[in-house]
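The values are calculated or read from the model by the stated rules, or taken from the named source; none is laboratory data. Model, not experiment: these values are computed from the prediction. All Cβ positions, even for glycine, are placed from backbone atoms using ideal geometry, and neighbour counts span all protein chains on display. Ligands, DNA and RNA are stripped out before the accessible areas are found, and what is left, the full protein with its side chains, is counted by its heavy atoms. Shrake-Rupley method; radii C 1.70, N 1.55, O 1.52, S 1.80 Å.
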Amino acid sequence: MNNITDVLLSRSSLRKFSSTPITSEDMDEIIKCAKQAPSAGNMQMYTIINITDPQLKEKLSVTCDNQPFIKDASHILVFCNDMSKWERAFNLYGAKQPGDKSIDEADFILSMQDAVIAAQNAVVAAESMGIGSCYIGDIMENYEIHQELLHLPKYVFPCCMLVLGYFPDAPIIAPHKRYDNQYIVCDNTYKELSDEQIEAMFSIGSQDETKAWMKRFYDRKINSDFFKEMGRSLHAAMNDWKK
């Protein structure tokens, strides 16, 4: 059996894949492991779209912030938080009565948790089988485009995407260093860091070097067009769920 802790501690995102396609047996095992993930009330409030169509992969590589490596993946798994099936079942079997609670932001967030937990199970399973992966958060952008592209009904949102493929004949990239426990882990209650601890946590060298790096990071991530579009798409999706 695989040593799960070794798999977790050695895993890093893969953005260059072998041309060898993932076998159907391996994909079945990955999806089986994804479905075995913990789920609120065992409702499995998600749908997994397994994408192998080259044209669809090409389109996603463009709509997800023009990242060419996406189309080179053997498989793409889009994890959608999905309350559509449960809403239909509640109505079909007469469980939901007029005036009962409607689908809202709480359902959106809870079902998103279900989907992302399932996705992480898929990541760990794939890694243990020698299959690399990379999360693509950009699937949450361009909500209307992805809704049409993937034929998503109401109460279904593509909250998480994985690109998967065998490792190429190239050196394996070491995992990124993580922040020390003192900055991440609190005992029993949240403990706010001091300014000095924040500076120590994010320091990459001199104060000027760290300041310049922080500005570049902020502009590249938080203040970027793609991040603003992601926020717009999330608001649009949640508003659609509440209508």
Using the alpha-carbon centroid of each, what span in Å lies between segment 219-236 and segment 47-76? 21
To the nearest 20 debye, what charge dipole does segment 65-160 have about its Cα centre, counting +1 at the Cβ of each Lys and Arg and -1 at the Cβ of each Asp and Glu? 380
If we sort 66-75, 207-216 on the protection proxy, mean other Cβ atoms within 10 Å, highest first, what's the order? 66-75, 207-216
Report, ordered by chain and residue number, the lysines lying within cross-link reach of K57, taken as a straight Cα distance under 21 Å and ignoring same-chain residues fewer than 8 apart. K16, K71
What lysines sit close enough to K243 to cross-link, taking a C-alpha to C-alpha distance under 21 Å and skipping anything fewer than 8 places away on the same chain? K85, K96, K101, K154
Tally Lys/Arg at +1 and Asp/Glu at -1 over every other residue whose Cβ is under 11 Å from the Cβ of I4; what's the total? -1
Only Lys, Arg (+1) and Asp, Glu (-1) charged, at Cβ; the chain dipole about Cα centre in debye: 340
Grab the Cα-Cα distance for H176 and D225, subtract it from 0.36 nm times how many residues apart they are, and report the gain in nm with one decimal. 15.1 nm
Expressed in nm to one decimal, what extension gain is obtained for the pair T189 and L56 from 0.36 nm per residue of sequence separation less their Cα-Cα distance? 43.3 nm
Fraction of alpha-carbon pairs over 19 Å apart in segment 151-243 - percent: 70
Total charge of the residues flanking N223 in space, meaning their Cβ is under 11 Å from its Cβ, with Lys and Arg +1 and Asp and Glu -1, is +3
Can you compute the helix-only [θ] at 222 nm over the chain? Use -39500 (n - 2.57) per DSSP H run of at least 4 residues, normalise by all residues, nearest 500 deg cm²/dmol. -14500 deg cm²/dmol
Among (i) -0.38, -0.72, -0.98; (ii) -0.32, -0.58, -0.76; (iii) -0.28, -0.55, -0.78, the value of log10 I(q)/I(0) by the Debye sum over Cα atoms at q = 0.08, 0.11, 0.13 Å⁻¹ computed for this structure carries the label (i)
Roughly speaking, what % of Cα-Cα pairs in segment 113-179 are separated by over 17 Å, rounded to a whole number? 55
Surrounding net charge for A212, when Lys and Arg each add one and Asp and Glu each subtract one, Cβ distance under 13 Å: +1
What distance in nm lies between label points placed 7 Å from Cα along the C-beta direction at K242 and L149? 2.7
Probe radius 1.4 Å, ligands and nucleic acids ignored: give me the carbon and sulfur share of the accessible area of the chain as a rounded percent. 55
What is the magnitude of the charge dipole of segment 126-239 about its Cα centre, with +1 placed on the Cβ of each Lys and Arg, -1 on the Cβ of each Asp and Glu, and no other charges, expressed in debye to the nearest 20? 180
